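Data block below; observations after.
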Amino acid sequence: MEVNLGSLPFGLDFHPSDHLVAAALITGDFHLYRYSADAAPLKLLDVHAHDDSCRAVRFINGGKAIVTGSSDHSILATDVETGSPIARLENSHEDAIYSLINVTESTIASGGDDGCIKVWDTRQRTLCSSFNAHEDYVSDMTFVFDAMKLLGTSGDGTLSVCNLRKNTVQTRSEFSEEELTSVVLMKDGRKVVCGSQSGTLLLYSWGYFKDCSDRFTGFSPNSVDVLLKLDEDRIITGSDNGLISLAGILPNRIIQPIAEHSEFSIEGLGLSHDRKFLGSISHDLKLKLWDLDDILQGSKLTVSQADAPDSDSDEMDVDNKGTTNKGASKGQAVSSSNGFFCGFVVWMVAYFFCIKVIQMQHIASDVDIYNVCSRKTESCLKIGNSCKVFPGNL
């Protein structure tokens, strides 16, 4: 099933208990649809919520209201039944709002282009907490209820951990070489997985957030813009090449592509409340609803592979203040001198070739050649900012 939204969508969300799905559009509108397995989605609401683009949408208060965030700095709550506005927070951020998530039944978190994360009480309509967590836009967030911590990813290439009990930014990872686009919690809370614009998935062990413990490069060079947790061992990814894929975490592998939007970048993914439908939105201006059982056919044979043990045994609530580089990916023979020598030779050849390319293309002298060329061999030829997409103010 699919719906032509007519405009570029930025976000979608499913109702927590009913067959409803909402999409946020660049026009400042949001649409609400009722869906079923045997009929085309029916549009129930078309609300002009904001003067500027509507960047994020979430159902709140048990599905009784829809909250939207906009590049006009405002947050609007709308009644699901009538489409009437309930409350509007003008200038809720100093900059445009980029992301929204539910925290508890009565609180939400918003992330801005300025890197600020704010937590709001939706019933009292008041600000609970504010965190200057990042230096660039907050691309995604996820809440860990047991630890009362809010994790955020950003265009500045860092993962942040905000402690809601102490009302502080507890820690922030070291800067990575690419923008982080999305974040999910996996492996029963032991692993944090972040997507990036280089296509690399960065895996952090809980409590050791300064540096990633593993890197999965299977999607490179295509940007992984969206991550959706399917279960503790598998995630669904949305990439800028229009592919929606099923992937396993530890062991890291692409199980199979399961859906697509031609070659148009995936903007959002979501699961229906009964987990029967996967929703996706893309730059092709379409909302697609996929029967989850149908598109997962064939992948079930590989589910048992996801049960391989993870060698990390990090405690849930420990924070490592120092940098923790855990070295190579799982399964690699790090101690092999022959493997090291061969890898070093390949890296050096790619490194000096990259420098030569930069010289030939007359890259400006202030380009940091080391930062451009010292990546792993699969990405060392990505020069300057040509592979980056900045959100801007739409």
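The values are calculated or read from the model by the stated rules, or taken from the named source; none is laboratory data. The structure displayed is predicted, hence computed values, not measured ones. Here Cβ is always computed from backbone atoms with ideal geometry, including for glycine, and neighbour counts include all displayed protein chains. Remember, those area values only see protein heavy atoms, side chains included, never the ligands or the DNA or RNA. Shrake-Rupley method; radii C 1.70, N 1.55, O 1.52, S 1.80 Å.
Could you please state how large a percent of the accessible area of segment 1-147 is carbon and sulfur, counting protein chains only and using a 1.4 Å probe?
Working: 2610 of 6000 Å².
Carbon plus sulfur share of accessible area: 44 percent.
If the only charges are +1 at each Lys and Arg Cβ and -1 at each Asp and Glu Cβ, what is the size of the charge dipole of segment 1-122 around the Cα centre, to the nearest 20 debye?
Details: 7 positive and 18 negative charges, 57 e Å.
So the dipole magnitude of segment 1-122 works out to roughly 280 debye.
Could you list the GluC sites (Glu not before Pro) in segment 195-292 that lie in coil according to DSSP, counting only those with at most 13 other Cβ atoms within 10 Å of their Cβ? Can you show the working numbers first?
Numbers: sites: E232, E260, E263, E267; in loops: E232, E263.
Loop-located and lightly packed - E263.
Give me the percent of accessible area attributable to carbon and sulfur for segment 148-252, probe 1.4 angstrom.
Details: 1200 of 2610 Å².
Accessible surface attributable to carbon and sulfur in segment 148-252 totals 46 percent.
Rolling a 1.4 angstrom probe over the protein heavy atoms, how many square angstrom per residue are accessible across segment 1-155? Walk me through the numbers before you get to the answer.
Working: 6070 Å² over 155 residues.
For segment 1-155, the per-residue accessible area is 39 Å².
Take the Cα radius of gyration of segment 169-211 and divide it by 2.2 N^0.38 Å, with N its residue count; two decimals is plenty.
On the way: Rg = 10.2 Å, N = 43, 2.2 N^0.38 = 9.2 Å.
My calculation over the Cα atoms of segment 169-211 gives 1.11.
Which one of S198, S160, L150 is farthest out on the positive end of the charge dipole of segment 130-212, using unit charges on Cβ (Lys, Arg +1; Asp, Glu -1) and the Cα centre as origin?
My answer, from the dipole projection, is L150.
Modelling each spin label as a point 7 Å along the Cα-to-Cβ direction, I'd like the D146/S130 distance in nm, to one decimal.
With each label point 7 Å from Cα toward Cβ, the separation is 3.3 nm.
Rounded to the nearest 20 Debye, what is the dipole magnitude of segment 240-289 about its Cα centre when Lys and Arg each give +1 and Asp and Glu each give -1 at the C-beta?
Numbers: 5 positive and 6 negative charges, 54 e Å.
The calculated dipole for segment 240-289 is roughly 260 debye.
At a 10 angstrom cut-off on C-beta neighbours, averaged per residue, how do the peptides 168-176, 121-129, 53-61, 36-44 rank from highest to lowest?
On the way: 168-176: 17.1, 121-129: 14.1, 53-61: 24.0, 36-44: 11.7.
The most tightly packed comes first, giving 53-61, 168-176, 121-129, 36-44.
Any idea what diffusion coefficient segment 14-125 gets from Stokes-Einstein, in µm²/s, Kirkwood Rh on alpha carbon pairs, 10 °C, 1.306 mPa s?
My calculation gives 114 µm²/s for D.
For segment 33-71 and segment 157-207, what is the separation of their C-alpha centers, rounded to whole Å?
28 Å
To one decimal place, what Kirkwood hydrodynamic radius in Å is obtained for segment 77-169 from all pairs of distinct Cα atoms? If you can, show how the numbers build up before the last one.
Values: mean 1/r = 0.0741 Å⁻¹.
13.5 Å is the Kirkwood radius here.
If you project the alpha carbons of segment 206-281 onto their three principal axes, what span does each projection cover, largest first, in Å?
On the principal axes, segment 206-281 reaches 35, 31, 21 Å in Cα extent.
Can you list the residues, at least 5 places off or on another chain, whose amide H is less than 5 Å from the amide H of A49, using H built in the peptide plane?
Amide H neighbours of A49: D29, F30.
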